[in-house]
Amino acid sequence: MKIWNDEEVKSLFALVAEQKAAGGALRVAFSLHGKKYRRQPNSVRNYYYKEVENLKADNKRCQKLGVEIEKHAKNHFVPFSQEQEGKLMRDIDGLVKGGVSVRTACQKLSGGDLTLMTRLQNKYQNLKKKNRSDDIIVFKQRQKMLSENDINSLFMGLVKLIKKTAIDEFMEKTRLEKESSAFLLKKAFVDLSRKDKQISELKEEFSNLKKENLQLHIKLDSLTENKTELLKNHLGKKRSEKLSEKLK
C-alpha cells in the first residue's frame, strides 16, 4: 500500500474522528476528504481501513501522527432480540409522550453514549417503518365493504403520516450529520420524490379499493333482488296450490 504524506493522513483521521463523535456517517468524511485532496471516496475509504490496521501494529507512527487509534476501532454490536426491540419501542414511545423528541429520548436511554444513542435512534426509526408497513398490509387484508368517505379518510390520514414522517426523518438526519448545504438540499429532494411516489402508489391502490367496494355493493344488491323475486314466486305458487285445492 502506498503511504500518503503525514499531513493528509492526520487530516483524514481527524475528519473521521469528528464524524464518529457527532454520530455521522463515515462516507461523509471520505467524500469531504476526497474533494479536498482530489481522491475518489472509495479510494479514501479503502486507504483508511488499511491504515487503521497498520497503525494498530505501529504505535510509534501512531504517536507521531497524533492518532488516538482506539477512536477508530470498529463497533461490533449484538443484534437486538424481539424482547429488546419491544422494550425499546415502549421506552422511547413513553418518553416521547412525555414531551421530548425521539433524539432526546435515545440520548437519555443511552446514558450519554453518542454511538449507542445513534444506534438506538436508527433501530427505533426502522421498527417504526416496519410497523407502518405491517399496518397497511393488515388493513388491506381486513377491508371488505367500506363507504367512500371511510376510504377517503383513511387515504388522507396515510398521506399526512407519510409527509410528517418524511419531514421528521429529514430534521433528525440534519442534526446528526454535518453535511454540506448542497448535499442536504439534494437529499431532501430525493426523499420528497420517494414519498411522492409512495403517495402516487397509494392513490392507485385506493382507487382499486373503491372499484372493488362498488362491485361488492352491486353484487349484494343483485343478490337481494334475486332473493326477493324467488320469495315472491314461491308465495305465488303456494297461493295457486291452495286455490286449486279449494276449487276441487
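The values are calculated or read from the model by the stated rules, or taken from the named source; none is laboratory data. The structure presented is a predicted model; accordingly, all values stated were derived computationally and were not measured. All Cβ positions, even for glycine, are placed from backbone atoms using ideal geometry, and neighbour counts span all protein chains on display. Ligands, DNA and RNA are excluded from the accessible area calculation, which covers all protein heavy atoms including side chains. Shrake-Rupley method; radii C 1.70, N 1.55, O 1.52, S 1.80 Å.
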Exercise for review: Determine whether segment 40-53 contains at least one residue that is acidic (D, E), out of contact with any Cys (no Cβ under 8 Å at 6 or more places or on another chain), within 30 Å of S110 (Cα to Cα) and in a helix (DSSP H, G or I).
Suggested key: yes
**Study point:** Filtered residues of segment 12-46 (kept if in contact (Cβ under 8 Å) with a residue 12 or more places away in the chain, buried (at least 16 other Cβ atoms within 10 Å of the Cβ) and farther than 28 Å from L116 by Cβ)
**Key:** none
Point to revise | Enumeration of residues in segment 92-108 that are touching a residue at least 12 places away in the same chain (Cβ under 8 Å) and open to solvent by 70 Å² or more (accessible area, probe 1.4 Å) | key: K108
Review point. What about N208, is it at pLDDT 80 or above and either among the aliphatic types (A, V, I, L, M) or out of contact with any His (no Cβ under 7 Å at 6 or more places or on another chain) (or both)?
Key: yes
**Study point:** Members of segment 155-196 found to be over 25 Å from L15 (Cα atoms) and either at pLDDT 80 or above or of a type in the set (A, V, I, L, M) (or both), listed by number
**Key:** M156, L158, V159, L161, I162, A166, I167, V190, L192, R194
